[in-house]
Amino acid sequence: MSARDAIFAAITRAIGQPADGASIRAEADALLAEPERVRPLLPEGDALSLFEAAVTRLPPGASSERVARVEDVPAAVARRLAALELEPALKIQPLPVLEALDWAGAGLRPRAEVDDLVSLSMAERAIAETASLVLRSGPRMAILDAFLPLHHIVAVRAQDVVLHLEDAVRDADLARSRNLVVVTGPSGTTDIEGSLVIGVHGPATLHILLVED
């Protein structure tokens, strides 16, 4: 027996024979039936407040604020760009709810293509457990718009903030899109000497607008 065969034989003995599909499905269903067995305990509070608290624990560059109505998003975006000392222009996800807003009234110029500065997206869900955002690819969402810009602004409705990851994807209907992307905070890496560097592989800042209406 070769060394390779010996290694794989030891692994097979350790894990035993693979379970059949029905057994695997039954085990998965049991976990879903009792999610408290696998979910972490969260502090007391509503999903929106827990999400905001989780954002404060993300790496530098992550922030959030509440806006009362979706109509207030342009003004909030304008304030954000002014705080970053950026020109008042950005790529806006081509969703009807965003395109109908008064961007000119807020002094902003929508860009046709994403550049290396700012984009605005709308998340399908937000997850309070990890301060994550769920973005769906499709004709009205180019996923690169969430990764190419230096600054990413994301709007999400308060009613779409859920407690756990399972809640976010339970009714996601994965068959109707190529993928769902879960974004947690700005881009960060510790590849170089174990030091955290922000904004190397994606946005350096992530600002989340929580729309309360």
Helix 73-83 sits off the longest principal axis of the Cα atoms of the chain, rounded to the nearest 10 on a 0 to 90 degree scale, by 90 degrees
Order of Met122, Met141, Met1 from fewest to most other C-beta atoms within 10 Å?
Met1, Met141, Met122
Under the 7 Å Cα-to-Cβ spin-label approximation, Arg13 and Ala83 lie apart by a distance in nanometres of 6.1 nm
Helix 3-15: angle to the longest alpha-carbon principal axis of the chain, degrees 0 to 90, nearest 10?
80 degrees
Residues Leu84, Leu163, Leu101 in order from fewest to most other beta-carbon atoms within 10 Å are Leu84, Leu163, Leu101
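Treat the count of other C-beta atoms within 10 Å as a stand-in for reagent exposure and order Ile7, Ile208 from fewest to most. Could you put the intermediate results ahead of the total?
Values: Ile7 11, Ile208 24.
Least crowded to most crowded, the residues run Ile7, Ile208.
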Using the alpha-carbon centroid of each, what span in Å lies between the stretch 21-79 and the stretch 128-190?
11 Å
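Helix-only estimate, please: 222 nm mean residue ellipticity of the chain, summing -39500 (n - 2.57) across DSSP H runs of length 4 or more and dividing by its residues, to the nearest 500. Could you put the intermediate results ahead of the total?
On the way: 6 runs with 55 residues, N = 213.
Result for the chain: -7500 deg cm²/dmol, rounded to the nearest 500.
Output the relative contact order of the stretch 97-195, whole-number percent, from Cα pairs under 8 angstrom with separation of 6+ residues. List each step's numbers first, then the result.
On the way: 122 pairs, mean separation 31.4, N = 99.
Relative contact order, the stretch 97-195: 32 percent.
Every number in this text was worked out from the coordinates using simple rules, so none of it is lab data. As the structure is a computational prediction, the values presented were derived from the model and not from experiment. FYI the Cβ positions are ideal-geometry reconstructions off the backbone, even for glycines, and counts take in every protein chain you see.
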